[in-house]
Amino acid sequence: MSLSSVSARKRRRLYMVVGGLAVLGVAVALVLTALEENIVFFYGPSEVKEKQLPMGQRFRLGGLVEDGSYKMLPDGITHAFAITDGAEAVQVYYKGLLPDLFREGQGVVTEGTLRPDEVFMATEVLAKHDENYMPKEVAEALKKAGTWQGDGHGVSGSGDTPEKGEGEAVFKGQ
Amino acid sequence: MTVEIGHFSLILAFALAVIQGSLPLWGAVRSDRRLMTVASGAAIGQLLFVVISFLCLMNAYIVSDFSVLNVVANSHSQKPLLYKISGVWGNHEGSLLLWVLILALFGAAVDLWGRNLPLSFKARVLGVQALIATGFYLFILLTSNPFERVFPVPLEGRGLNPLLQDPGLAFHPPFLYLGYVGLSIAFSFAVAALIEGRVDPVWARWVRPWTLAAWVFLTIGIALGSWWAYYELGWGGWWFWDPVENASFMPWLVATALLHSAIVVEKRDSLKSWTVLLAIIAFSFSLLGTFLVRSGVLTSVHAFATDPERGVFILIFLCLVIGGSLTLYALKSGQLQPGGLFAPFSREGALVFNNLLLSVSTATVLLGTLYPLFLDAVTGDKVSVGPPYFNGTFIPLMIPLVIAMGVAPHLSWKRADVGAVWGRLRVVSVLSVIAALVTAYLNSKGPVMAVAGVGLGVWLLLATLQDFFAKLRLTSLRAESGGLQGAAKRVRHLPKSVWGMTFAHGGMAILILGVTASSSWQTEVLDIVKPGDVLHVAGYDFTFTGVEPVAGPNYTALRGHIQVTKNGVAVKALQPESRTYFNPPMETTEAAIHSMPGGDLFAVVGERQTRGEAEGDRWAVRLYHKPLLPWLWAGAALMVLGGLVSLTDRRLRVGAPKKRMGHHGGTNAH
């Protein structure tokens, strides 16, 4: 191999390395900003009550829909219900269609922001399409609050976890 | 009885895989022909026994044999036949059996179509395939046996999740698996090449069709899953960036990169070491996709704790395959001869750029997918990384990629002339900028991404067509280039790979336009209606005429009736349903969709308003107009078509051009 070919090879490698690092740098910058802005934390009702969460911060609230708490507001389209972990409860408003499996006493995960009057304005209600499924975050929130009923409740096992996002339907409100 | 035959056949297949994974590899080291030829028989035998095994399980499903645990857990005697059959792979154990079936199928295909492969190389490829298969057989037999009996025998099964009882989803897993397993062939070829220490253009010609086929299957599989989510989940989303989707998307991204880098190996004998690495990584992502989705680890780290046996097996297997192949790569890749040189601005340079962006964007997807797991394990915080993260990282990385996609086909190999390329693309560039500006003007209040999306879509479409017509030279119909006859001849003689690339890149452009328009200019109306009410959505009038109960084979439903008109002209009667299945008891929403070239009308009927103030014959309905949404499916279909057309290219069929003069002839390997 001639000398010029060796240096050409080195120069090509340098181009590649510099180009690669440039793209990588851009990607790292994108990832860091995106992670900082778009991570959504999950809290149970007890954590919401004890932590002073900044108003307007998006987070996920999960627990059981409190028995007897559901009602439709007079506008005919906003659902009101409370999410509880047995120890504390948070009032939730959600404008939109509720998922098929939304029931009082069932596990539910919602995403939205807290109003100054401590009402959680949900913009999304996530529900697993499985009658005995307990979202794992909910199960852990209940465990934290000390009101977990045991595994018979059924965090769905590995065997019957369906293939695609299956099941998990996200319901977006307005 | 058939159940035991199925189980026994699987054990026999396992035994054959052990033989195929040891003797031929040893034979290749010792140059022992007899040992090496064992691979062929073993590959065919494996296929035979796995087919028997699979048919036995399928039979158990069809006749509803509830003495088999797997059938009890996932089937029901009242289920339609199609879903009894698709129920076979609609669960962890059965899907793994499907995996090994496809693996055995491809192993036999390598054997049959690979007659012109050098004997030692073929022995090594099949040997590596068998090692992968051995791991899977062991996993099934030890931890996930689909043939497990249950006693006492229940009278009825638990049924399949009704959401999965759908033609789109019935065929979604098999196609994904065909893609995943197809990449195992590229992997085996890469490992065999590393063992032999030689990668050359002939190697790339062997690997390309397999990668291409795997890519086509993955594309179909992902599109089917996305289509299913669109019409079945009831709110018209088609991509959620959920970990399970990402698990299938990452192998697709790497396979796309591999497809392109293999072209450089084939044409220019360059980028060899990188291509081998990509082949290894692509299959590693396939394994990750298969295992992590099925084992539930992606949704929870604790799945390992609930089922430690499977978790530990998976970890060990992944470490062996990925760690082993990467170690081999580290040891041997230095022996690969460096290939041809090229300037940064050249076809090779553009393909390197493509690979760079695809790899980096795969890494960002991987990071977003695993970050919640990582944070949970380290700090215990529960977080979710949703679409905003992926839209904020993935899409910006795709913008330069799409620009490069338009330019790359115009570049010549080794060194391209900037002036000449600009000359060819000048008009196209100006037109795309105009398209973006017009969008910006009409869309002054809309999202910024819409402007970029339209500009990029138009750019890619026009640049692709420009390249295609330039290759045809349709514009020069003068006598010296043969007039019309000459042009027709050029159309006939244009390589299939050029047609394939044009379809695939054009499909991508159409997909970009569909995604942009449907996500930027969608209209959504949610309201409570009573019979006779009219809702207005994007120029269409939706008249709600009422709801009637209907009965299906294994469900009852409430069917809403909505008449759609535009300017008084009837468009379509939409009949969305809200279904209640019996086994398992579950409610699902069946959207009614009317597709037109310009967009989709999408209607969902919710529950009767019996709670709260709004009582009586009043129903919640949700209506959408999604402009250009069908372009998404059309774009995906064109990409698949492009892949299939490329597969018919003669160059790929003639596997080893060096041997065409030899005794074997060039007619093998069809």
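A short reminder: the numbers here are calculations on the coordinates, not readings from a lab. All of these numbers come straight from a predicted model, not from anything done at the bench. Here the Cβ is made from the backbone with ideal geometry for all residues, glycine too, and neighbour counts use every protein chain on show.
Work out the length of the dipole vector of chain B about its Cα centre, built from +1 on the beta-carbon of each Lys and Arg and -1 on the beta-carbon of each Asp and Glu, and round it to the nearest 20 debye. Could the numbers behind the result be given before it?
Details: 49 positive and 37 negative charges, 679 e Å.
In debye, rounded to 20, chain B gives about 3260.
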**Item:** Alpha-carbon radius of gyration plus Dmax, which is the widest Cα pair, for region B:148-232 in Å
**Value:** 19.4, 60
**Asked** Which whole number in µm²/s is D for the protein assembly as shown by Stokes-Einstein, with the Kirkwood Rh taken over Cα pairs at 20 °C and 1.002 mPa s?
**Response** 74 µm²/s
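Sort A:VAL18, B:VAL29, B:VAL199 so the one with the fewest other Cβ atoms within 10 Å of its own Cβ comes first. Numbers along the way, then the final one.
Details: A:VAL18 11, B:VAL29 14, B:VAL199 25.
By the 10 Å Cβ count, ascending, the order reads A:VAL18, B:VAL29, B:VAL199.
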**Request:** Specify which residue in the list B:MET586, B:GLY546, B:TRP631 is farthest towards the positive end of the charge dipole of region B:523-631, using unit charges on the beta carbon of Lys, Arg (+1) and Asp, Glu (-1), about the Cα centre.
**Result:** B:TRP631
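Cβ neighbours within 10 Å, averaged per peptide: list B:338-348, B:185-195 in order, most packed at the top. Kindly include the intermediate steps, with their values, before the conclusion.
Details: B:338-348: 18.3, B:185-195: 26.1.
So the peptides B:338-348, B:185-195, ranked by packing, come out B:185-195, B:338-348.
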**Complete:** For B:HIS594 and B:ARG33, extending 7 Å from Cα along the Cα-Cβ vector and measuring point to point gives, in nm, a value of 7.1 nm
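With charges set only on the Cβ (+1 for Lys and Arg, -1 for Asp and Glu), what does the dipole of region B:1-160 come to about its Cα centre, in debye to the nearest 20?
Numbers: 10 positive and 7 negative charges, 106 e Å.
Here the size comes out at about 500 debye.
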**Fill in**
One finds the C-alpha centres of region B:80-119 and region B:369-400 to be spaced, in Å, by 33 Å
**Tail beyond 20 Å, pair distance distribution of region B:481-596 (Cα, percent)** = 65 percent
**Request:** For region B:170-407, count the residues as N, evaluate 2.2 N^0.38 Å, and divide the Cα radius of gyration by that value, please.
**Result:** 1.05
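Please express the shape of region A:50-98 as an equivalent ellipsoid: the semi-axes are the square roots of 5 times the eigenvalues of the C-alpha gyration tensor, given largest first in whole angstrom. Don't skip to the end; give the middle numbers.
On the way: eigenvalues 83, 47, 15 Å².
Each semi-axis is the square root of five times an eigenvalue, giving 20, 15, 9 Å.
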**Request:** Could you tell me which of the pairs A:LYS10/B:LYS122; A:LYS49/B:LYS382; B:LYS414/B:LYS496 are separated by over 25 angstrom between their Cα atoms in the structure shown?
**Result:** A:LYS10/B:LYS122
**Request:** Please give the average number of partner chain Cβ atoms lying within 10 Å of the Cβ of each residue in B:389-396, rounded to a whole number.
**Result:** 5
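In the neighborhood of B:SER346, defined by Cβ-to-Cβ distances under 11 Å, what is the net charge if each Lys or Arg adds +1 and each Asp or Glu adds -1? Numbers along the way, then the final one.
Details: positive: A:ARG12, B:ARG268, B:ARG347, B:LYS414, B:ARG415; negative: B:GLU348, B:ASP417.
Result for the neighbourhood of B:SER346: +3.
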**Item:** Listed residues B:ALA509, B:LEU351, B:VAL312: farthest to the positive end of the dipole of chain B (Cβ charges)
**Value:** B:LEU351
**Fill in**
Assertion target for B:HIS172, B:HIS493, B:HIS7, ordered by fewest C-beta neighbours within 10 angstrom first, is B:HIS493, B:HIS7, B:HIS172
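Dipole of region B:170-407, Cα-centred, from +1 at each Lys and Arg C-beta and -1 at each Asp and Glu C-beta, to the nearest 20 debye? Before the final figure, lay out each step's value.
Working: 11 positive and 12 negative charges, 123 e Å.
The dipole of region B:170-407 has a size of about 580 debye.
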**Item:** Cβ-defined net charge surrounding B:ALA470, 12 Å radius [Lys, Arg +1; Asp, Glu -1]
**Value:** +3
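Give me the inter-chain shielding for B:358-371: mean count of other chain Cβ atoms within 10 Å, whole number please. Before the final figure, lay out each step's value.
Working: counts 0, 4, 8, 3, 0, 4, 6, 0, 0, 5, 5, 0, 0, 3.
Other-chain Cβ atoms within 10 Å of each residue's Cβ, averaged: 3.
Rounded to the nearest whole Å³, what is the per residue volume of the convex hull around the Cα atoms of region B:61-176?
Numbers: hull volume 12.6 nm³, N = 116.
Enclosed volume per residue, from the Cα hull, is 109 Å³.
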**Prompt:** log10 I(q)/I(0), Debye, Cα-only region B:365-517, no solvent, q = 0.11, 0.12, 0.17 Å⁻¹?
**Reply:** -0.60, -0.68, -1.04
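Want the number for A:LYS71 to A:VAL6: 0.36 nm per residue separation, take away the alpha-carbon distance, what's left? Spell out each step's value before the answer.
Working: separation 65, 0.36 × 65 = 23.40 nm, distance 7.69 nm.
Roughly 15.7 nm would be gained on extension.
Report the calculated FRET efficiency for B:THR580 and A:GLN91 (r = Cβ-Cβ distance, R0 = 22 Å), to the nearest 0.05. Let's see the in-between values first.
On the way: r = 30 Å, r/R0 = 1.36.
Approximately 0.15, to the nearest 0.05.
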**Sum of side-chain charges, B:SER520 neighbourhood, beta-carbon under 15 Å (Lys, Arg +1; Asp, Glu -1)** = 0
**Asked** Over chain B, how many percent of alpha carbon pairs lie in each 20 Å bin up to the one with the longest distance?
**Response** 16, 46, 32, 6, 0
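Report, as an integer, the average count of C-beta atoms from other chains found within 10 Å of each Cβ along B:377-386.
Values: counts 0, 0, 0, 1, 4, 13, 8, 11, 5, 8.
The mean count of partner-chain Cβ atoms within 10 Å per residue comes to 5.
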**Request:** Mind putting together the pair-distance distribution for region B:1-146? All Cα pairs, 10 Å bins, whole percent per bin, short to long.
**Result:** 13, 40, 26, 15, 6, 1
